[in-house]
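The values are calculated or read from the model by the stated rules, or taken from the named source; none is laboratory data. Bear in mind the structure is a predicted one, so any value in this text is a computation, not a measurement. We place every Cβ from the backbone using ideal geometry, glycine too, and count neighbours over all the protein chains shown. These area figures cover heavy atoms from the full protein model, side chains too; ligands, DNA and RNA do not enter into them. Shrake-Rupley method; radii C 1.70, N 1.55, O 1.52, S 1.80 Å.
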Amino acid sequence: MCAFIRRRRTQKEKTSGFRLSRFVIVALLLIPVPWQPVRAAADGELAAERGVSAFRAGDYQAALQSFLDALQAGLDTPGLRYNLGATYYRLGRYAEAEREFQALAPDPKWAPLAHYNLGLTAQRAGRPQQAMEYFGEAHRATTDPNLRALAATALERLGGAPPSPETSAVISLAGGYDTNATLSPDAATVGVSHQGDLFVEALAVATHRFAGDSARGWVAHGGLVLRRYGDLSQFDVTGSRAGLSYETESSRLQTSVGAYFDTAYIGGDRLEQVASVDAQARRRLDAGGELRGRYQFGHIAGGGGFEYLDGWQQRLSADAGFALASALLRVGYQLELNHRRDLEQEGEFFSASPTRHSLFATVALRNVGGWQADARGEYRVSRYGDPNRLNVNGGTLEVTRKDDRFGFALRANRRLTPPWRVFIDYSYYRNESNLDTYDYSRHQLMAGIEAALEK
């Protein structure tokens with residue numbers, strides 16, 4: 001339960017205020033109702049003080065009686081109503097707690113705190129979907145960073161996500177070891193080095209809502225990633241992204257439609273440029289579950305020496321999330337279609353246009369010894385449309401390429417002093433192909449520090 005209110009006096013003023021310890025401070029004037037005698041108001045204040053003392057001592061039944069006595073004596077203030085709601089909550093009388101917090105919700109000064117506590121009450125009453133809606137309202141309305149952080153944490157624990165802030169950014173610096181440096185994250189399409197090396201990586205990502213509000217508005221996106229290897233400088237990576245999206249959010253549905261432009265450089269040379277559209281939808285379900293869907297279409301222009309990547313790519317994915325105790329489980333499927341120029345040289349032909357089917361599962365644990373942990377497992381089948389044509393012993397051999405890839409990834413992070421976090425990532429992927437030249441395995445370990453900023 002969010003902080004209890006305690007009344008305090010100063011010698012310079014006779015009016016009284018209420019302090020929400022640790023989270024918010026709200027100044028209130030206890031103005032007596034005109035038709036009540038002064039003595040009744042004084043009796044109400046004394047009863048309220050007794051209620052605060054009993055609450056802090058853990059005697060919630062005595063606290064409730066004192067607060068009811070104060071109300072009977074004519075002390076009817078938002079602070080007293082809040083204290084009544086907090087006491088009913090502690091006693092497990094959630095319907096009455098909800099009634100008191102609902103009475104505070106129309107007051108702009110009290111609305112964020114009332115919605116947060118309504119979320120706690122709904123959660124205890126077994127209504128997780130409604131709890132997420134209340135926590136989302138608290139997160140959107142409050143100007144207090146501590147209450148916003150509490151609401152975001154509550155949403156994460158229920159498998160939800162806090163409403164997007166107006167401006168957010170993540171910066172990170174990390175180092176690690178890669179057992180198989182690649183020309184692209186999609187190593188099966190572009191190729192691998194079969195060489196390992198140490199690397200350092202820097203990342204910066206930012207979004208800014210420049211029009212509208214959290215319910216619907218336009219958002220600008222930007223990002224930059226740099227990876228530098230110790231010896232294999234020909235595999236150094238530079239990637240950038242710029243984009244614009246229109247996003248909507250209601251209590252149960254989030255949508256986003258955007259256009260993006262991505263550029264990737266390898267060893268200083270351009271690998272590819274991608275102009276894409278991306279449409280996403282997310283539907284919250286009861287009991288903390290959710291459904292997500294996504295469609296992406298990208299037009300790809302390969303750089304010098306990579307013209308065979310020219311063409312388009314489509315991805316269609318869907319997944320379902322389930323809240324299980326302190327974990328969030330997600331399972332999903334992705335279909336990927338490619339139509340590329342492919343590579344033809346010296347009488348040989350190599351397809352770069354696979355159709356792919358992927359199955360994946362993730363689990364997120366929000367508190368493992370003070371760490372947040374995420375794990376992902378994936379199995380992917382790739383079938384290439386046109387057979388590869390190879391020159392073998394003076395003849396021609398045609399083989400249709402078939403790949404199976406499996407792997408998993410682990411990530412853990414721990415909060416330091418806000419906004420800083422430390423993190424560690426590990427991943428392993430293995431690709432098995434009917435053409436031996438495309439077989440590979442890859443381990444990658446990375447650790448670093450990051451800052452998450454929002455406004």
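Each residue in region 49-105 was checked for being touching a strand residue (DSSP E or B) at 6+ places or on another chain (Cβ under 6 Å) and hydrophobic (A, V, I, L, M, F, W, C), and 1 of them qualify. Among the candidates 311, 289, 304, 243, the residue that is in contact with a helix residue (DSSP H, G or I) (Cβ under 9 Å, 6 or more places away or on another chain) and not charged (D, E, K, R) is uniquely 289.
Just one residue in the set 291, 316, 359 is open to solvent by 70 Å² or more (accessible area, probe 1.4 Å) and either among the β-branched types (Val, Ile, Thr) or without any contact (Cβ under 8 Å) to a residue 24 or more places away in the chain (or both); that residue is 316.
Residue 169 meets the conditions (1) touching a Ser or Thr at 6+ places or on another chain (Cβ under 8 Å); (2) buried (at least 22 other Cβ atoms within 10 Å of the Cβ); (3) aliphatic (A, V, I, L, M) in every case but one. The failed one is (2). Does residue 366 satisfy the condition of being basic (Lys, Arg), at pLDDT below 95 and crowded, with 17+ Cβ neighbours inside 10 Å? It is false that residue 366 is basic (Lys, Arg), at pLDDT below 95 and crowded, with 17+ Cβ neighbours inside 10 Å. The combined condition, being at pLDDT below 50 and either among the charged types (D, E, K, R) or in a helix (DSSP H, G or I) (or both), is not fulfilled by residue 50. Between 401, 430, 383, the distinction of being more than 26 Å from residue 177 (Cα to Cα) and open to solvent by 30 Å² or more (accessible area, probe 1.4 Å) belongs to 383 only.
Here residue 304 clears all of (1) closer than 30 Å to residue 397 by Cβ; (2) outside any loop (DSSP other than H, G, I, E, B) except the condition numbered (2). The set of residues in region 55-76 that are among the hydroxyl-bearing types (Ser, Thr, Tyr) and crowded, with 20+ Cβ neighbours inside 10 Å contains only 66.
Taking the conditions (1) of a type in the set (Ser, Thr, Tyr); (2) free of Cβ contacts under 8 Å to residues at least 60 places away in the same chain; (3) open to solvent by 50 Å² or more (accessible area, probe 1.4 Å) in turn, residue 121 satisfies each one other than (3).
Within region 425-455, being more than 19 Å from residue 356 (Cβ to Cβ), among the acidic types (Asp, Glu) and free of Cβ contacts under 8 Å to residues at least 40 places away in the same chain holds for one residue alone: 436.
Return yes or no: is residue 226 among the aliphatic types (A, V, I, L, M), within 28 Å of residue 376 (Cβ to Cβ) and assigned to a strand (DSSP E or B)? Give the steps one after another, and end with the answer.
Values: among the aliphatic types (A, V, I, L, M): yes; within 28 Å of residue 376 (Cβ to Cβ): yes; assigned to a strand (DSSP E or B): yes.
It is true that residue 226 is among the aliphatic types (A, V, I, L, M), within 28 Å of residue 376 (Cβ to Cβ) and assigned to a strand (DSSP E or B).
Could you please let me know if residue 234 is without any contact (Cβ under 8 Å) to a residue 60 or more places away in the chain, farther than 20 Å from residue 315 by Cα and either assigned to a helix (DSSP H, G or I) or of a type in the set (Asp, Glu) (or both)? Yes.
Looking at this structure, is residue 396 modelled with pLDDT under 95, among the polar types (S, T, N, Q) and either over 30 Å from residue 414 (Cβ atoms) or assigned to a strand (DSSP E or B) (or both)? Spell out how you get there, then give the answer.
Details: modelled with pLDDT under 95: yes; among the polar types (S, T, N, Q): yes; either over 30 Å from residue 414 (Cβ atoms) or assigned to a strand (DSSP E or B) (or both): yes.
Yes; evaluated as a whole, the condition is true for this residue.
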